[in-house]
Amino acid sequence: MKTRASIILIGLALFLSSCIVKSIQPFYTVESQYFDDRLIGDFISEGKSTWKFTSFKTEWKKENQDQTKLTKDDYDEFERYKNAYYVEYISKGSEAYFIAMPFKVDNHLFLNFTPFYFEENDLNGMAAQHLLKTHSAAKVNFNKNGSLKLSWISESVVKRLFNEQKMRLKHEKVGVNEDLVLTASSEELHSFLKKFMSSEIENKWNNDDIITLNPNNARP
């Protein structure tokens, strides 16, 4: 997926009104990956932003039709993300693209979002060098009316658990605003999500980190 790899930003801030938990490593393991066709299609949020979920495998093959030009890195990329979705997000004329890997936490479906490309005319090269591609985790719920609910793990909730000493997980506070960034391994992060989902945590989900996507000619 070379054509849009020139700028990588944390584009999730575009559509969430509070801070979500970010990690250096993915929240999923290879064994937990779980592709679900129901996510394929076009959706629209309450704020009229549009979302398009396509198979990464489909997009990769479309872009790499001339196999004589493919390198080992190209094939490695395909193997790494072949079970993922390619997500196009457009809001007020600005575009952002993500790799979203579906995975299971017990019986719960999650998406691991990684920014792939973000359109930002005001960003200079020096600032871009200081941006780090991180991961976030959103729980997926399929509603009876065909809509999707995406619920991200909130930074405020996890900070509260750390402050109350109710969880232990490798993390750092980075930047001027001391943003929370998890530094644990993917196996540890997946284990954390299992405990998080099974525990009775008060106000586990922050409404500011939940988005409902309604079908917009979504594929059945």
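What follows draws every value from the coordinates through simple rules; no lab data is involved. These numbers come from a predicted model, not from an experiment. Here Cβ is always computed from backbone atoms with ideal geometry, including for glycine, and neighbour counts include all displayed protein chains.
Which residues' amide hydrogens lie under 5 Å from the amide hydrogen of Ile20, considering only partners 5 or more residues apart or on another chain, with H built in the peptide plane?
HN-HN under 5 Å from Ile20: Glu155.
What shape does the stretch 11-215 have by the C-alpha gyration tensor, where a ≥ b ≥ c are the square roots of the eigenvalues, rounded means a/c under 1.5, and otherwise prolate means a/b greater than b/c and oblate the rest?
On the way: a/c = 1.37, a/b = 1.30, b/c = 1.05.
Judged from the Cα gyration tensor, the stretch 11-215 comes out rounded (a/c under 1.5).
Evaluate E = 1/(1 + (r/R0)^6) for Ser199 and Thr68, where r is the Cβ-Cβ distance and R0 equals 41 Å; express this FRET efficiency to the nearest 0.05. Walk me through the intermediate numbers first.
On the way: r = 52 Å, r/R0 = 1.28.
E between Ser199 and Thr68, to the nearest 0.05, is 0.20.
Can you tell me the dipole magnitude for the stretch 25-109 around its Cα centre, using point charges on the Cβ only (Lys, Arg +1; Asp, Glu -1), in Debye to the nearest 20?
Values: 12 positive and 16 negative charges, 31 e Å.
The dipole magnitude comes to about 160 debye.
Out of His135, Asn177, Phe27, whose Cα points farthest toward the positive end of the dipole of the stretch 11-215 (charges: +1 Lys, Arg; -1 Asp, Glu; placed on Cβ)?
Farthest along the dipole direction, towards plus: Phe27.
Which cross-chain or sequence-distant (5 or more) residues have an amide H under 5 Å from the amide H of Gly146, H modelled 1.01 Å from N in plane?
Excluding prolines and chain starts, which carry no amide H, there are no hits.
From the phi of every residue in the stretch 74-88, what ³J(HN,Hα) in whole Hz does the Karplus formula 6.51 cos²θ - 1.76 cosθ + 1.60 yield, where θ is phi - 60° and glycine or proline is x?
Ordered by residue, 3J(HN,Hα) equals 5, 5, 5, 4, 4, 5, 6, 10, 4, 9, 9, 10, 9, 10, 9 Hz.
Would you mind checking which residues have amide H under 5 Å from Ser55's amide H? H placed 1.01 Å from N; only 5 or more apart, or other chain.
Correct list: Tyr86.
Kindly write out, for the stretch 161-175 in residue order, the coupling ³J(HN,Hα) from the Karplus curve 6.51 cos²θ - 1.76 cosθ + 1.60 (θ = phi - 60°), rounded to whole Hz, with x marking Gly and Pro.
5, 5, 4, 8, 6, 9, 8, 10, 7, 4, 7, 9, 10, 10, x
In whole Hz, with x marking every Gly and Pro, tabulate ³J(HN,Hα) for the stretch 107-113 from phi via Karplus 6.51 cos²θ - 1.76 cosθ + 1.60, θ = phi - 60°.
9, 9, 9, 10, 10, 9, 8
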